[in-house]
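Quick note: the coordinates plus some simple rules give every number you see, no bench work behind them. Only a predicted model underlies this, so the values are computations on that prediction, with no experimental measurement involved. Backbone-built Cβ (ideal geometry, glycine too); neighbour counts: all protein chains shown.
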Amino acid sequence: MTLARTWSVGLAGVHGAMVDVEVDLSAGVPGVVLVGLPDAVVRQSVDRVRAAVANAGGRWPLRRITIGLSPASMPKQGSGFDLALATAVLAADGAVPAESVGRLVLLGELGLDGSVRAVRGVLPAVLAAARAGHPTAVVPAGNAEEAALVEGVEVLAAGTLAEVVAHLKGRTPLPRHTRRTLPPAPPGPDLGDVVGQPIGRRAVEVAAAGGHHLFLSGPPGAGKTMLAERLPGLLPALDEQEALEVTAIHSVAGTLPPDAPLVTRPTFEAPHHSATMAALVGGGSGLIRPGALCRAHRGVLFLDEAPEFPRAVLDTLRQPLERGSVTISRASGAATFPCRAQLVLAANPCPCASAAGDAACTCSPLERRRYQARLSGPLLDRIDLRVDLPAVTRAAWLEGGTAPEPTAVVAGRVAQARALAAARLSGTGLHLNSQVPGRLLRERWSPPRSALRLVERALERGALSVRGYDRVLRVAWTLADLAGRTVPGADDVAEALGLRLQRAAA
Ligand SMILES: [Zn+2]
């Protein structure tokens, strides 16, 4: 046998595509020829594969070796093709039976010593293999947990190339990995820990119920971060499909915790304001790494000290947040990742960030305005809820009063409100009040005139823009859903107006 073929998977974003790996041995000057657009990393992998074969006790054929990766039009990035390349070479040389690898999917990077190393993106790769009808996938032992999440494909875990060879020769079968029952995800921080801050607590509840983006302004110590961290706990748990989707992103990002292979709770991502565009949105060399925005898919993206982020970086977020996906283009191809994240921005009211609040502020009015203006414009325009949090006074802290409601109670109300909104919006393809376009809102779900007097007056006065008017209606609906009312009343509209006409203005 001088020709052998096997399979691996290439990734574009979180979408895997089958890659046919063919190896032909012919007479001629010994050497390796690669065809099929392999990137620099795949080229290097030939040297790694050669060393790994030798160190695994195999023989590298002293022939002219032609390696083809097809379809040729698909970019092939990353080191995950090593194991398939090595196996195909050994099969072409007759070291393992060629028929044993013809339908097999192999994923993994090889160490020079012949070990099989974990790679990123194994979950979406195995999902693609299952969809294409391949019965068996060999994956690095370090990725076996995530691979086993996929139904309909047998997952074999490999620690070394020698183990794979022994398996294919029918000597020692590789261990079969099945999905294990996972313990429930540990609960996140609880809303019961937040003392005082009735406005802030209300704002995160409303944000969770309607899927609204949220802007929290307030002095240090007002509890902005505490509140934001508790938002994911108020969101419903991910269903199986959503969980696989989010896990696939973390698999490609390389941020999947080894002890929790399936992400079942909405995630919380809080990039620092010094984060680069690539860290926030996605990028990097080789296999494109999704950024914090994509890792927050179906979860929460928290930007603390938002005015400190470069304006260009903040403006980059707007379109992906609107579309729910982000595309990163490179010379070698483009990758698209989903990013339906809920945004929470936090800001101090001024650059001096005095914990004592306005009284001790040393900033000039101009400095304050400039600081707040850094957030103006297109991004803020997408944010339905903007609240000012007062500093928590010592008296309020000491007084304590009744114990604050815990996450479980508030999350129950949120779930009910979401169900009401989903029922009302059924047939539109929308689920949350925050997703309803302004026109649809005004045409189909305008509250009675009597409820709108306040907000119409604000519009006439110029205190509210037309977009601002739509946002007030969206939030009013969420408030009505939370209260179990079938239509927003004047009180809901007034509260919605209050949750938006804060210092940050219309
Ligand atoms: Zn100040």
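Here are a few things to note about the model shown:
- In this rough spin-label picture, where each label sits 7 Å from Cα along the Cβ direction, the Glu308-Ala403 distance is 3.6 nm.
- Note on the chain: dipole from Cβ charges, positive end direction compared against Ala451, Pro61, Ala253; the farthest Cα belongs to Ala451.
- Selected from Ser465, Ala346, Gly284, residue furthest toward positive end of dipole (the chain; charges at beta carbon): Ser465
- Placing +1 on the Cβ of every Lys and Arg and -1 on the Cβ of every Asp and Glu, with nothing else charged, gives the range 1-95 a dipole about its Cα centre of roughly 180 debye.
- Near the amide H of Glu154, within less than 5 Å, lie the amide hydrogens of Thr136, Ala137, all on another chain or at least 5 residues away, with H placed in the peptide plane.
- Taken over the chain, the percentage of Cα pairs per 10 Å bin, counting from 0 up to the bin with the maximum distance, is 4, 17, 23, 20, 14, 11, 7, 3, 0.
- Hull-based mean projected area of the range 302-379, where the convex hull spans the alpha carbons, in square nanometres: 6.4 nm²
- The residues packed around Leu244, meaning those with a beta-carbon under 13 Å from its beta-carbon, carry a net charge of -3 if Lys and Arg are +1 and Asp and Glu are -1.
- Sites listed here are trypsin sites (Lys or Arg not before Pro) in the range 1-93 whose DSSP assignment is loop and whose Cβ has at most 16 other Cβ atoms within 10 Å: Arg59.
- Put the Cα centre of the range 440-506 next to the Cα centre of the range 55-115 and the gap is 62 Å.
- Positive minus negative residues near Ala494 (Lys, Arg vs Asp, Glu; Cβ under 13 Å): -1
- Its relative contact order, with pairs defined as Cα atoms under 8 Å and 6+ residues apart, puts the chain at 13 percent.
- Working note: Karplus 6.51/-1.76/1.60 with θ = phi - 60° gives the range 278-290 the couplings 5, 5, 7, 9, x, x, x, 8, x, 5, 4, 9, x Hz, where Gly and Pro are set to x.
- Amide H partners (placed H, <5 Å) of Gly283, local residues excluded: Arg289, Gly291
- Taking amide hydrogens as placed 1.01 Å from N in the peptide plane, the amide H of Ser325 sits under 5 Å from those of Cys339, each at least 5 positions away in sequence or on another chain.
- With contacts taken as Cα pairs under 8 Å and at least 6 residues apart, the range 78-142 reaches a relative contact order of 35 percent.
- Stokes-Einstein translational diffusion, the range 419-506 - Kirkwood Rh over all Cα pairs, 1.002 mPa s, 20 °C, in µm²/s: 165 µm²/s
- Among the trypsin sites (Lys or Arg not before Pro) in the range 121-176, those placed in a DSSP loop whose Cβ has at most 14 other Cβ atoms within 10 Å are Lys169, Arg171.
- With 0.36 nm allotted per residue and the present C-alpha distance subtracted, the Arg467-Arg131 stretch has 116.6 nm of extension available.
- Legend: P(r) of the range 256-369 from all alpha carbon pair distances, 5 Å bins from 0, whole percents, reading 2, 11, 18, 19, 16, 12, 9, 6, 4, 2, 0, 0.
- FRET efficiency for the pair Ala72 and Ala40, taken as 1/(1 + (r/R0)^6) with r the Cβ-Cβ distance and R0 = 22 Å, rounds to 0.85.
- Overall form of the range 152-279 per C-alpha gyration tensor (a/c, 1.5; a/b vs b/c): prolate
- Within-13-Å neighbourhood charge of Pro261 [Cβ basis; K, R +1; D, E -1]: -1
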